[in-house]
Every structure is written in C-alpha cells, then in structure tokens.
Amino acid sequence: MSDENVWLRPRKPARQVLTIERIVAEALALLDEEGIDRLTMRRLAERLGTGSTTLYWHVKTKDDVLDLALDAVFGEAELPSGGDWRARAEGLCSAWRAAMLRHPWSITLLDRPMMGPNALGRTDFLYRTLEEAGLPDVRAAAHSLSTFVIGSVTLQAHDSAADLTEHLRPYPTLAAHGLAHDWAATFARGLGYLLDGMSVIAPVGQPETARRTCGPSD
C-alpha cells in the first residue's frame, strides 16, 4: 500500500539540468581519459546520466562536441595582464602550450575551423598585443608564434623515451645535441629567440636611434 502512495514512496534524487557547460565538462573528461575515438554521443549521454535524445537537443553531432571541447581548451589559457607587449605575448603562448599539453588530443583538432569565443578572443588578444608593439606585419608575427607553439607541443606529444644513442651514431652533430631534452626549457628558449627577433623591428620601447638602425634603408 505504501508503494502506491505518492507521499510515502521514496523520492528519487533530482536530475541535474543538462547544460552546454555540463556537456563540455563531461566531454573534456571523457576525451582526457579515453581519447577521441572513444567519444560517441551515446557514451557521452550515458556519462551525463541522460538519454541521447536529450543530448541531441543541445548538440547535433560529435563534431559539435569536439568544437566545443577544443574551444574550452583555449579558454584554459588565461590572458596575461600587465607587462609590456613581449611579456604578454610570451605569457599567452606559454599558457596555450600548457593547456594543450593537459589535453593532448586537442593537437589533432587544430585543423578544424576555430570560431569559438575563446579561440577568437585569444587570437584577437595576440594580434592586438603585436599591433601595440608596432610590428609592420602583425599577421606574419602571430602566425610565427602560433606555428611555433603548435609545432613544439606536437613534437613533445610524440616524444619517444627510447635510447637513440646507437641509432644517431652516424649523425654526430645531432647526437652531440641529442633528441632528449627539457621540453619546457627548450620551448622557453625558442620562444625567446622569436621574440628577440621581433623586438629588433618593433618600434615600441626602442630609442629613436635604434629604430632608424633597424628600419629599412631609404
């Protein structure tokens, strides 16, 4: 009798409202744990404790989920505040690298159109920073920095721990410098080289004599 009475029947725990934020958070967790190949709409719905139909009401395809997850990774790269243009550019590149390394699967998605607010916001920040430096070709400078970050993360993600000493013996120069190294230190040094070059032609912060020396001849 008690099971038939609504007031005496045990209450089921209330379901959490499904939101885009919850979907993205769970998708990130699934991707981090199992990778892109294991991400399916059905599996994601199960982890969210909902039905596929409800999930499809918010996102239409797996590609939608991947686009949202990738933009969330960009969102983890905090925008630097304060400092000169070089410090801000360095801070953003370092934060972007760290975010992608926390989510290595994101590297394989960088050929997708990145139209989310986090990706566009950080790209705009980088362009604005380089524009404030007075660089003559902001697009080329931004492309150089982003390509360096992507390349560095890709190489680190595919780094092999194997001992290549014997394999590299016929290549003495390469063997002398080695393939095994401190990735963080190498990234910081390489980024510094790029920014050093940009600083030479950036008029902001340079004395007038340096600008005349570094600029094109008349």
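For a quick check of your reading of the model, give me the residue pairs whose first member lies in the range 137-150 and is aromatic (Phe, Trp, Tyr), whose second is at pLDDT 95 or above, with beta-carbon atoms closer than 9 Å and at least 6 apart or on different chains. Correct list of pairs: PHE148/CYS93; PHE148/PHE187; PHE148/GLY190; PHE148/LEU191; PHE148/LEU194.
THR108 - would you say it is surrounded by fewer than 16 Cβ atoms within 10 Å (Cβ to Cβ), in contact (Cβ under 8 Å) with a residue 40 or more places away in the chain, in a helix (DSSP H, G or I) and touching a helix residue (DSSP H, G or I) at 6+ places or on another chain (Cβ under 8 Å)? Answer is yes for this residue.
Can you spot a residue in the range 77-85 that is part of a loop (DSSP other than H, G, I, E, B), without any contact (Cβ under 8 Å) to a residue 40 or more places away in the chain, under 20 Å from the mean Cα position of the chain (by Cα) and surrounded by fewer than 16 Cβ atoms within 10 Å (Cβ to Cβ)? Among the residues of the range 77-85, at least one is part of a loop (DSSP other than H, G, I, E, B), without any contact (Cβ under 8 Å) to a residue 40 or more places away in the chain, under 20 Å from the mean Cα position of the chain (by Cα) and surrounded by fewer than 16 Cβ atoms within 10 Å (Cβ to Cβ), which makes the answer yes. The residues in the range 40-62 that are touching a Lys or Arg at 6+ places or on another chain (Cβ under 8 Å) and closer than 16 Å to ALA25 by Cα can be counted, and the count is 5. Hey, can you tell me all the residues within the range 137-175 that are part of a loop (DSSP other than H, G, I, E, B) and under 19 Å from ARG88 (Cβ atoms)? If the condition is that a residue be part of a loop (DSSP other than H, G, I, E, B) and under 19 Å from ARG88 (Cβ atoms), then ASP137 is the only one that fits. What number of residues in the range 131-173 are in contact with a Phe, Trp or Tyr (Cβ under 7 Å, 6 or more places away or on another chain) and either among the small types (Gly, Ala, Ser) or closer than 19 Å to PHE74 by Cβ (or both)? Here the count works out to 5. Here ARG47 does not qualify as of a type in the set (Lys, Arg), surrounded by 16 or more Cβ atoms within 10 Å (Cβ to Cβ) and over 13 Å from the mean Cα position of the chain (by Cα).
As a summary of the residue check, LEU70 satisfies the conditions (1) in contact with a Ser or Thr (Cβ under 6 Å, 6 or more places away or on another chain); (2) assigned to a loop (DSSP other than H, G, I, E, B) except for the one numbered (2).
The values are calculated or read from the model by the stated rules, or taken from the named source; none is laboratory data. As the structure is a prediction and not an experimental result, all values here were calculated from the model. Every residue, glycine among them, receives a Cβ derived from its backbone with ideal geometry; neighbour counts consider all protein chains shown.
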